[in-house]
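> This is the structure I want to talk about, given as C-alpha cells.
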Amino acid sequence: MAAAEKEAEKEEEKGEAKEKQKEKRPKETKEKRPKETKEKRPKETKEKKGKEEKVEEKPLSNLLLFGRWDLSQVEVRDPGLKRYINLSPTFLPHTGGRYANRPFAKARVNLVERLTNNMMRTEQYTGKKSKTIKVVQLAFEIVEKRAKKNPVQVLVEALENAAPREEITRLRFGGISVPRAVDIAPARRLDLALRHICVGAVQATYKSPKPIHECLANEILLASKGDMSSHSIGKKEELERVAASAR
C-alpha cells in the first residue's frame, strides 16, 4: 500500500510541474492578418454567341403610302382646311376604328383613310375595307399616270376646290321658316368635299362599263381642275348659289 501511495504522489508532482511549465511559456498572440480587399472588377457584358445583324429602324417620316408615295411633300394651301387634313406618314391607311365615337377625332385620321371609309357606301363595299383600299390604290396609280404628280397632292387640290364655303339653314320667325345663308365650319367643309367626291365616283359606275377605281380617279382629276362636269364641283356651286340667294 505504501508503494502505491508513493507512485500516486510522484504522478501528481509530475502533473503540477507540467502545469507550471505551461504558465511560464508566453502566450502566442495570433497576428491579425489584414483583410484582403477584393478588387472590384468591371461587370463583363455577356457576349451573345454569333453576330447579330443590326436592323436599322426607319423613322416614321420615311414611310411611304403603299410603299410608293411620300406624304411629307404634300402641301395644303387652304388655311381653313390645313388644320383638319391629316397627312401623317403611314404605309397602310387603316387604324381599326381607333378614333371612332370621339368628338373631333376625325381630324386625327389620315386623309387617305377617310377617303377609303367614305367609299364604303354600296352593298359591294360596305364593311370590305381591304377591297376598298385596293380600289383607292388603283385610283391613285391612274391619277399619278395622268397628272404626273403625287396623287395625294392632286386629292388635296380636289378637296380644296370641292369644299363649299356657304350653305343655308332654316330659321323660324313667328311660325314661318326662313332660309338664311351661314358660313360652313372647316371640319364640315372637308366632310362635304369627301362625301361629294365619293358619291360622284359611285354614281358614275351606274350603267357604265368603267370600274370603280377609274371613276374615282376621274372624279379626283376633274375636281382638282375645278371642272363643272365633276359631281363634287357641281354640288359645291349649287350650295353656294342657293346660299347667295338666301342672304
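The values are calculated or read from the model by the stated rules, or taken from the named source; none is laboratory data. Predicted model only: the values in this text are computed from it and were never measured. Methodologically, a virtual Cβ is constructed for each residue, glycine included, from the backbone with ideal geometry; neighbour enumeration extends over all protein chains shown.
> Please list, ordered by residue number, the helices (runs of 4 or more DSSP H) wholly in segment 101-175 having 2 or more residues that are more than 23 Å from residue 229 (Cα to Cα) and in contact with a strand residue (DSSP E or B) (Cβ under 9 Å, 6 or more places away or on another chain).
Values: elements: 111-119, 129-147, 151-162.
Hits in segment 101-175: 111-119.
> What number of residues within segment 176-212 satisfy the criterion of being over 21 Å from residue 230 (Cβ atoms) and hydrophobic (A, V, I, L, M, F, W, C)?
Number of matching residues: 6.
> Oh, and also: Any idea which of (1) crowded, with 16+ Cβ neighbours inside 10 Å; (2) of a type outside the set (A, V, I, L, M, F, W, C); (3) within 30 Å of residue 210 (Cβ to Cβ) is the one residue 84 doesn't satisfy?
Residue 84 satisfies all of (1) crowded, with 16+ Cβ neighbours inside 10 Å; (2) of a type outside the set (A, V, I, L, M, F, W, C); (3) within 30 Å of residue 210 (Cβ to Cβ) except (3).
> Provide a single number: the residues in segment 180-202 that are in contact with a helix residue (DSSP H, G or I) (Cβ under 8 Å, 6 or more places away or on another chain) and assigned to a strand (DSSP E or B).
Of the residues in segment 180-202, 2 are in contact with a helix residue (DSSP H, G or I) (Cβ under 8 Å, 6 or more places away or on another chain) and assigned to a strand (DSSP E or B).
> Name the pairs: first residue in segment 178-191 and farther than 23 Å from residue 223 by Cβ and touching a residue at least 12 places away in the same chain (Cβ under 8 Å), second residue among the small types (Gly, Ala, Ser) and surrounded by 13 or more Cβ atoms within 10 Å (Cβ to Cβ), Cβ to Cβ under 7 Å, at least 6 apart or on different chains?
179/246; 180/246; 181/243; 181/246
> Moving on. Determine, yes or no, whether residue 143 is over 30 Å from residue 245 (Cα atoms) and either of a type outside the set (A, V, I, L, M, F, W, C) or crowded, with 18+ Cβ neighbours inside 10 Å (or both).
In short, yes.
> On the basis of being under 16 Å from residue 159 (Cα atoms), over 13 Å from the mean Cα position of the chain (by Cα), small (Gly, Ala, Ser) and in a loop (DSSP other than H, G, I, E, B), does residue 80 make the cut?
yes
> Another question, then. Restricting attention to segment 58-104, and to residues there that are touching a residue at least 24 places away in the same chain (Cβ under 8 Å) and among the β-branched types (Val, Ile, Thr), which single residue is farthest from residue 191 (Cα to Cα)?
90
> Restricting the search to segment 212-247, which residues are of a type in the set (D, E, K, R) and surrounded by 20 or more Cβ atoms within 10 Å (Cβ to Cβ)?
Those that are of a type in the set (D, E, K, R) and surrounded by 20 or more Cβ atoms within 10 Å (Cβ to Cβ): 219, 236.
> Okay, moving on. Of everything in segment 214-244, what is under 20 Å from residue 169 (Cα atoms) and in contact (Cβ under 8 Å) with a residue 24 or more places away in the chain? Give them in sequence order.
Matches in segment 214-244: 235, 236, 239, 240, 242, 243, 244.
> Also, I was wondering about something else. So which of 225, 207 ends up being at pLDDT below 95, under 13 Å from residue 161 (Cα atoms) and not aliphatic (A, V, I, L, M)?
Selected residue: 225, the only one of 225, 207 that is at pLDDT below 95, under 13 Å from residue 161 (Cα atoms) and not aliphatic (A, V, I, L, M).
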